[in-house]
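Worksheet for the structure shown next.
The values are calculated or read from the model by the stated rules, or taken from the named source; none is laboratory data. These numbers come from a predicted model, not from an experiment. Here the Cβ is made from the backbone with ideal geometry for all residues, glycine too, and neighbour counts use every protein chain on show.
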Amino acid sequence: MRIFDRQVELSAHLKSVSSANTTIGFVPTMGALHQGHLSLLKESLQNNDFTVISIFVNPTQFNNPEDLAKYPRTLESDVAKIEKLNPNIIVFAPSVDDIYEGKTVSQHFDFDGLENQMEGKFRPGHFDGVGTIVKRLFEIVQPANAYFGEKDFQQLQIVKKMVEKAQMPVKVIGCPIFREANGLAMSSRNERLTAQERADAAVIYRTLQAAKMRFGTENAKRVADYVTDVFDNVPGFELEYFEIADEATLEPITEKIEGRQYRAFIAVFVNKIRLIDTISLN
Ligand code: PAF
């Protein structure tokens, strides 16, 4: 299996194996791979001649230094999982220096307001960091198709916007959320939960499903009050936000408009570990 830790070497390799008639599929990750990541790789393998995965814990997208320090780094087991899935997958696992060349700062982006909602409100600078690294990685890998999980739905919309504005020839493809048996959305951060917290965290998706049911007959304010009430009564869980927003603009709903697609978004702290999830309401 080919593993590269320097962008110049990866670029040279991709240049030597690909041609105008071949496509590169790309799955950017921060490692600690789970079934959700593997499903993105499978989608890429099915639809491209080459598949590249990046494993890079990007410092500029972390607004909380403790979150960055504690983010799981499991390169060896990640590589084993990739090799088991398909040894032809090309791995790019660069150092911070190789990517940022001594200047570990974000570029500033205008994502037409998508960046000011939800995660953008609670994680200042986060989407500038995501935009910076994804743009950098797209320039290095030059994929035809790039795969992102819908758990980070706001990130998915922002990457699509970045590609559109920068006119990059990359198709950004959103893939369905993978869930544990109890409904908890798969996330690298789940590794930091105790077994009990992981079991209890089923409440997040359960509440989203109940919110979806209620949204059929109740207004958004009442649904949000219900969700707040649920988490007020779950010890150890702290609701950061629950929002019902328009899928296209990510702006909070003011009134239900026929024909618009709505989605609920949630962020919850479980003993300082931040979990997010989302559900389509249509
Ligand atoms: O979703 C992630 O894991 C990260 O935000 C990404 C897209 C790999 C950029 O660092």
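Note on segment 120-136: residues that are more than 10 Å from the ligand (Cβ to nearest atom) and either surrounded by 23 or more Cβ atoms within 10 Å (Cβ to Cβ) or over 21 Å from residue 24 (Cα atoms) (or both) amount to 7. Among the residues of segment 190-204, just one is within 15 Å of the ligand (Cβ to nearest atom) and modelled with pLDDT of 95 or more, namely 190. Listed here are the strands (runs of 3 or more DSSP E) enclosed by segment 201-282 that have at least 2 residues being among the aromatic types (Phe, Trp, Tyr) and either within 23 Å of residue 70 (Cβ to Cβ) or touching a helix residue (DSSP H, G or I) at 6+ places or on another chain (Cβ under 9 Å) (or both): 237-246, 262-270.
To keep it simple, each residue is scored yes or no on (1) assigned to a helix (DSSP H, G or I); (2) touching a residue at least 24 places away in the same chain (Cβ under 8 Å); (3) under 16 Å from the mean Cα position of the chain (by Cα); (4) surrounded by fewer than 21 Cβ atoms within 10 Å (Cβ to Cβ).
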residue: 25; (1), (2), (3), (4): no, yes, no, no
residue: 28; (1), (2), (3), (4): no, yes, yes, no
residue: 31; (1), (2), (3), (4): no, yes, yes, yes
residue: 40; (1), (2), (3), (4): yes, yes, yes, no
residue: 45; (1), (2), (3), (4): yes, yes, no, yes
residue: 54; (1), (2), (3), (4): no, yes, yes, no
residue: 60; (1), (2), (3), (4): yes, yes, yes, no
residue: 63; (1), (2), (3), (4): no, yes, yes, yes
residue: 67; (1), (2), (3), (4): yes, yes, yes, yes
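Cβ-Cβ contacts under 6 Å between residues 6 or more apart (or on different chains), taken from a first residue in segment 255-278 that is under 17 Å from residue 154 (Cβ atoms) to a second residue that is polar (S, T, N, Q) and part of a strand (DSSP E or B), are listed as 263/278; 263/280; 265/278. On the stretch given as segment 93-119, residues that are surrounded by fewer than 18 Cβ atoms within 10 Å (Cβ to Cβ), under 16 Å from residue 162 (Cα atoms) and either free of Cβ contacts under 8 Å to residues at least 12 places away in the same chain or among the charged types (D, E, K, R) (or both) total 3.
What about residue 160, is it without any contact (Cβ under 8 Å) to a residue 60 or more places away in the chain, within 15 Å of the ligand (Cβ to nearest atom), over 22 Å from residue 64 (Cα atoms) and surrounded by 14 or more Cβ atoms within 10 Å (Cβ to Cβ)? It is true that residue 160 is without any contact (Cβ under 8 Å) to a residue 60 or more places away in the chain, within 15 Å of the ligand (Cβ to nearest atom), over 22 Å from residue 64 (Cα atoms) and surrounded by 14 or more Cβ atoms within 10 Å (Cβ to Cβ). In segment 163-178, the residues that are assigned to a strand (DSSP E or B) form Cβ pairs under 6 Å with partners that are among the basic types (Lys, Arg), at six or more places apart or across chains, as follows: 172/160. Taken over segment 137-157, the residue count meeting the criterion of being within 10 Å of the ligand (Cβ to nearest atom) and either in a helix (DSSP H, G or I) or among the aliphatic types (A, V, I, L, M) (or both) is 6. Of all residues assigned to segment 97-116, at least one qualifies as being at pLDDT 95 or above, over 14 Å from the mean Cα position of the chain (by Cα), more than 13 Å from the ligand (Cβ to nearest atom) and under 18 Å from residue 53 (Cα atoms).
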